[in-house]
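What follows is a single structure, written as structure tokens, with notes after it.
The values are calculated or read from the model by the stated rules, or taken from the named source; none is laboratory data. If you're wondering where the values come from, they're calculated on a predicted model, not measured in any experiment. FYI the Cβ positions are ideal-geometry reconstructions off the backbone, even for glycines, and counts take in every protein chain you see. Accessible surface is based on the protein model in full, side chains and every heavy atom, while ligands, DNA and RNA are left aside. Shrake-Rupley method; radii C 1.70, N 1.55, O 1.52, S 1.80 Å.
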Amino acid sequence: MINVVIFGAPGSGKGTQSQLLIKKYGLTHVSTGDILRAEIKAGTELGKLADSYMSKGHLLPDEVVIEILDELIRRHSDAKGFIFDGFPRTLAQGAELDKMLSGNDTQISLVISLEVSDAELIDRLLKRGQISGRSDDNRETIESRLKVYYSQTSPLKEFYAKQGKLKIIEGVGTVEDIFKSIEKELDKEF
Ligand code: ADP
């Protein structure tokens with residue numbers, strides 16, 4: 001299995017690049033944000049809980065997302081590999097993901113970190129908010145998400161760098177050029 005974590009701040013292009021990765025490498029896309037948004041839309045209890053955190057730009061409790069991931073990895077045990085998009089988002093989630101994967105005799109192959117400046121991130125998210133109407137793409141929530149990213153999520157870079165898995169990719173430029181840089185890293189794994 002080839003398992004890739006696509007990592008980066010909100011608005012760094014994780015979802016966009018994931019779509020291209022799925023097409024080229026046939027990996028199974030796991031986006032916790034998409035899963036949670038689907039639950040909100042369906043009006044489930046989990047959706048209600050998720051909405052109370054997401055609308056403020058806060059993270060859901062680790063136990064909740066870890067349980068979702070655990071179930072998903074088990075259900076797709078025959079996958080060629082996974083692209084984890086938006087997970088892990090805390091060191092605790094990172095440690096759990098390692099455990100879940102080793103329980104399935106596999107591991108993270110590499111972590112692609114998309115680097116984009118804050119000014120550009122805010123600009124992209126505000127624009128996305130106007131088009132997609134995503135309720136968390138407003139200025140106040142964006143600021144909170146960025147704070148959360150730097151305090152809780154970015155320490156994972158060090159965690160993966162220590163494992164020798166972190167690849168830093170410049171996340172500014174055309175979608176195609178950024179994908180080319182990612183491909184270069186991934187083709188070494190296939
Ligand atoms: P973005 O990367 O643009 O913030 P996502 O769709 O990945 O978008 O996440 C949207 C929101 O969903 C987050 O702000 C958070 O509230 C929630 N969420 C997604 N993934 C996780 C996770 N792994 N742990 C906790 N909360 C999460």
message: Which of the numbered conditions does Glu189 fail, given that it passes all the others? Conditions: (1) touching a Leu at 6+ places or on another chain (Cβ under 7 Å); (2) open to solvent by 40 Å² or more (accessible area, probe 1.4 Å); (3) within 19 Å of Gly86 (Cα to Cα).
response: (3)
message: Looking only at the range 116-136, count every residue that is within 14 Å of Ser12 (Cβ to Cβ), within 12 Å of the ligand (Cβ to nearest atom) and not in a helix (DSSP H, G or I) and tell me the total.
response: 1
message: Within the range 80-103, take every residue that is assigned to a loop (DSSP other than H, G, I, E, B) and not hydroxyl-bearing (Ser, Thr, Tyr) and give me the one that is most open to solvent (accessible area, probe 1.4 Å).
response: Lys80
- request: Considering only the range 15-51, state which residues are within 13 Å of the ligand (Cβ to nearest atom), hydroxyl-bearing (Ser, Thr, Tyr) and open to solvent by less than 50 Å² (accessible area, probe 1.4 Å).
  value: Ser18, Ser31, Thr32
- prompt: Hey, does the range 5-23 have a residue that's closer than 16 Å to Ile182 by Cβ and assigned to a loop (DSSP other than H, G, I, E, B)?
  reply: yes
- line: Counting only residues in the range 69-79 that are open to solvent by 10 Å² or more (accessible area, probe 1.4 Å) and free of Cβ contacts under 8 Å to residues at least 40 places away in the same chain, the one nearest to the ligand (Cβ to nearest atom) is identified as Asp70
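Give Ser102, Ser55, Ser18, Ser31 a once-over and let me know the one that is more than 17 Å from the chain's Cα centre (by Cα) and under 25 Å from Leu125 (Cβ atoms). Even if it seems obvious, please write down each step before you answer.
Numbers: Ser102 fails: under 25 Å from Leu125 (Cβ atoms); Ser18 fails: more than 17 Å from the chain's Cα centre (by Cα); Ser31 fails: more than 17 Å from the chain's Cα centre (by Cα).
After ruling out the rest, the residue left standing is Ser55.
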query: Any chance the range 162-174 includes a residue that's without any contact (Cβ under 8 Å) to a residue 12 or more places away in the chain, under 28 Å from Leu97 (Cα atoms) and not in a helix (DSSP H, G or I)?
result: yes
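If you take the residues in the range 57-68 that are within 8 Å of the ligand (Cβ to nearest atom) and touching a residue at least 24 places away in the same chain (Cβ under 8 Å), which one is surrounded by the fewest Cβ atoms within 10 Å (Cβ to Cβ)? Working first, answer last.
So the first thing to find is which residues in the range 57-68 are within 8 Å of the ligand (Cβ to nearest atom), and the list is 57-62, 64-65.
Restricting the remaining residues to those that are touching a residue at least 24 places away in the same chain (Cβ under 8 Å) gives 57-60, 62, 65.
Numbers: Gly57: 19, His58: 15, Leu59: 19, Leu60: 18, Asp62: 17, Val65: 22.
Among those residues, the one meeting the criterion is His58.
Within the range 141-176, can you find the residues that are among the small types (Gly, Ala, Ser) and over 21 Å from His58 (Cβ atoms)? Spell out the reasoning first.
The initial filter retains those residues of the range 141-176 that are among the small types (Gly, Ala, Ser), namely 144, 151, 154, 161, 164, 171, 173.
Hits for the range 141-176 are Ala161, Gly164, Gly171, Gly173.
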